[in-house]
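Scroll down for the structure; my scribbles are underneath it.
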Amino acid sequence: MNASRFAAAIACAAALAVGLGQPSQAETLTDTLIKTYQMSPQLEASRAQLRGIDEGVAQARSNRRPTLDGTVEGNLSSNDQKVSDGFDLEFGNTFSFQLSSTLLLYDHGQTRAAIESARAQVSAQRQLLRDVEQSVLLDAVAAYMDVRRDLQNLEVAQNNVRVLGEQVRATQDRFDLGEVTRTDVSLSEARLAAAQATEAAVQGSLAVSRENYQAVVGVPANNLQPPPRLPDLPATLADAEAIAMREQPQLNAARFNVTAAEFDVTRARGARGPRISTRGNITVQDQGFDFLGDAAGASSENFSVGGAITGTVPLYQGGELSSLVRQSEAVLAQQRANVQSSARAIRQNVATAWSNLAVFRATIMANREEVRAARIAFEGVREEALLGARTTLDVLDLEQDLRDAEFQLLSSQRDEYVAAYQLLQAMGLLTVEHLNLGIPTYDPDVNFNRVRNAPYSTVEGNILDQLRDRYSK
């Protein structure tokens, strides 16, 4: 091997060693939210559901277009006829083809109302998709903070085991010197065993949190970084409630449902009015006859074109039309009540999230003071115990208090962070745009514009069908 190749090999080996020695790539909360938005099967299901609702507009608009039907019919028959010298068998065959078309001219506003109702349902489903997006993003925030909390809890638990291990060794040394009793040694060993059990429990909680993170985000939790500062929030509860009344997707969906129900009432009432349609048809018929023993036979061909305009006025339908009107009016009343109910629930959710956030912030301040005081007390009592002024039990009790305070502080910090995002969700602002994630978002107009005019087929649809068929085998 010449010198240049040897140098290149050394350089590659060094680069590989450095790459293997580097820690896994850091994962920020923004990265987690982006991956969740892009890979969530729950979001994909909601988007597919919205695409299905889009087809309602196409189906309603199709009523304004002509229909075209083709009918083919063939018949074969035989007939025995008595003649002077016996019986003569006659064979007949008939072939016909008919092409017919119908076009609705007027239906007392039913089709227009159906189209507007379908459009309102699409708008409502879009709002529900926004609500699902926010729920998915909130789950990602909670999963991220759960892993972070449990990692910090594990550090506290491991440090606690280390401290208690030193405490056991120190107590055993003092027992060997006759300064403490066997009871003191047993107390230290018991607390160490309890700390080891706590460490195992925390490791189990961390494993559960990691599994939940992967279920929500779609990838394992690796090297999660400290979260960024909390997003900006309204200054007052009244401001938060005002934003929620304007932005909350569940409330907006309920409002669009009212609009759809209003058009459904119009459509039900329109069914009582007249209906005018036109119909045209083209018919081609070929009829032939063959007689047994007669090679000539006979045949005939007919060609006809016809059309008609039909007007229909329902006079009595057994009470069905009146029942449909009453039913649609009841649904409208229900949807209007749902708007009021949703507004109350959303206002309550905002107030609850606001209160929880205030409580957790106050709890953090108290827990920090508790940790500070518990640490000073523990270190002081431990020094006093070395001088014989405190018992081993006093040291162990204060160590337990310090560990509990540290666990509570970590838990309250996690709760405060999640509560802030819960407030954003309650207001309807936990969106990709508001969080400035900087990624393209799902555009529902793409599919809506593709199918709203009820095309016979679409290139995009055919491609999607092919991919679905490929991966479903």
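Which whole-number percent gives the relative contact order of the stretch 357-413, counting Cα pairs below 8 Å spaced six or more residues apart?
50 percent
Students often check this: by mean Cβ neighbours within 10 Å, which of 338-344, 63-69 ranks highest, and how do the rest follow?
The densest-packed peptide leads the list: 338-344, 63-69.
Please check which bits of the stretch 110-131 a label hung off ASN63 would reach, taking the label as a point 7 Å along Cα-to-C-beta and the cut-off as backbone N under 19 Å.
110-123, by backbone N distance to the label point.
Counting only C-alpha contacts under 8 Å and six or more residues apart, can you give the relative contact order of the chain as a whole percent?
Across the chain, relative contact order equals 24 percent.
Is it possible to state the helix-based mean residue ellipticity at 222 nm for the chain, with each DSSP H run of 4+ residues giving -39500 (n - 2.57), the sum divided by total residues, to the nearest 500 deg cm²/dmol? What is it?
-23500 deg cm²/dmol
How far apart, in nm, are the 7 Å Cα→Cβ label points at ALA337 and ALA389?
Output for this residue pair reads 7.2 nm.
Find how much the distance from ASP443 to GLN317 grows on full extension, using 0.36 nm per residue of separation minus their present alpha carbon separation; answer in nm with one decimal.
40.9 nm
Can you pull the Rg over Rh of the chain, Cα-only, Kirkwood?
Over the Cα atoms of the chain, Rg/Rh equals 1.27.
With N residues in the stretch 206-326, what two-decimal value do you get for its Cα radius of gyration over 2.2 N^0.38 Å?
2.56
Testing the spin-label approximation: label points 7 Å from Cα along Cα→Cβ at MET39 and ASN453. State their distance in nm.
Roughly 3.9 nm, to one decimal.
For ALA200 and ARG279, FRET efficiency with R0 = 56 Å and r from the beta-carbon atoms, rounded to 0.05?
Once rounded, the FRET efficiency stands at 0.10.
Where both partners of a DSSP beta bridge lie in the chain, what percent of those bridges are antiparallel, to the nearest 5?
Antiparallel: roughly 100 percent of the beta bridges in the chain.
Rounded, prolate or oblate: pick one for the stretch 220-279, where a ≥ b ≥ c are the square roots of the eigenvalues of its C-alpha gyration tensor, a/c under 1.5 means rounded, and failing that, prolate if a/b is larger than b/c, else oblate.
Because a/c hits 1.5 or more and a/b fails to exceed b/c, the stretch 220-279 counts as oblate.
As an exercise, find the ratio Rg/Rh for the stretch 340-426 from alpha-carbon atoms, using the Kirkwood inverse-distance average for Rh.
Rg/Rh for the stretch 340-426 comes to 1.30.
Could you give each residue of the stretch 410-417 its phi-based ³J(HN,Hα) in whole Hz, using Karplus coefficients 6.51, -1.76, 1.60 with θ = phi - 60°, and x for Gly or Pro?
For the stretch 410-417, the Karplus-derived couplings read 4, 5, 5, 5, 5, 5, 5, 5 Hz, x marking Gly and Pro.
At each listed q (0.13 Å⁻¹), what is the log10 of I(q)/I(0) that the Debye formula gives for the stretch 113-177 modelled as equal alpha-carbon point scatterers?
Results for the stretch 113-177 at q = 0.13 Å⁻¹ read -0.65.
Among the trypsin sites (Lys or Arg not before Pro) in the stretch 124-206, which ones are in a DSSP loop with at most 13 other Cβ atoms within 10 Å of the Cβ? Mind listing them?
none
A short reminder: the numbers here are calculations on the coordinates, not readings from a lab. Predicted, not measured: the structure shown is a model, and the values here were computed from it. Every residue, glycine as well, gets a Cβ built from its backbone with ideal geometry; the counts of neighbours run over all protein chains shown.
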